[in-house]
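K.L.:
Quick one: the structure is below, questions incoming.
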Amino acid sequence: MHINFVPFAALWAVLAVGVLALFLWRKAVASHEDDQIHMSDNTSVSDQSAIAAKLDQIDKWGKTLTVITVIFGLLLAIAYIYAGWINASNALE
């Protein structure tokens, strides 16, 4: 049983780069966030609300993609170890 793991590893790498890109995008958006509360300036409040909403969306996608990447990576590692175990047991026969 010989399985080529290169396409699966490439897909996992693309997912990992996606997680990294979302992390960097979140950092860039969060850099425009103002940590102080402005009660009298309505434009500032609406801008901060928009940034908070955007951060919530990025966080949602970031968490989802991170979970998918970790699960796919674990399944890939398990399949690789299993294939190696099967190949080693076939070589002994």
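K.L.:
With charges set only on the Cβ (+1 for Lys and Arg, -1 for Asp and Glu), what does the dipole of the chain come to about its Cα centre, in debye to the nearest 20?
P.N.:
Values: 5 positive and 8 negative charges, 69 e Å.
For the chain, the charge dipole is close to 340 debye.
K.L.:
On a 0 to 90 degree scale, rounded to 10, what angle separates helix 6-30 from the longest Cα axis of the chain?
P.N.:
Compared with the principal axis, the helix lies near 10 degrees.
K.L.:
Please report, in whole Å, how far the alpha carbons of region 48-93 spread along each principal axis, starting with the longest.
P.N.:
That gives 67, 7, 5 Å along the principal axes, largest extent first.
K.L.:
Of the listed values [x] 0.98; [y] 1.32; [z] 1.21, grab the one calculated as Rg/Rh (Cα atoms, Kirkwood Rh) from the structure here.
P.N.:
Computing Rg/Rh (Cα atoms, Kirkwood Rh) and matching it to [x] 0.98; [y] 1.32; [z] 1.21 gives [y].
No lab work stands behind these numbers, since they all come straight from the coordinates. All values reported here derive from a predicted model rather than from experimental measurement. Cβ sites come from the backbone with ideal geometry, for glycine too, and all protein chains shown count toward neighbours.
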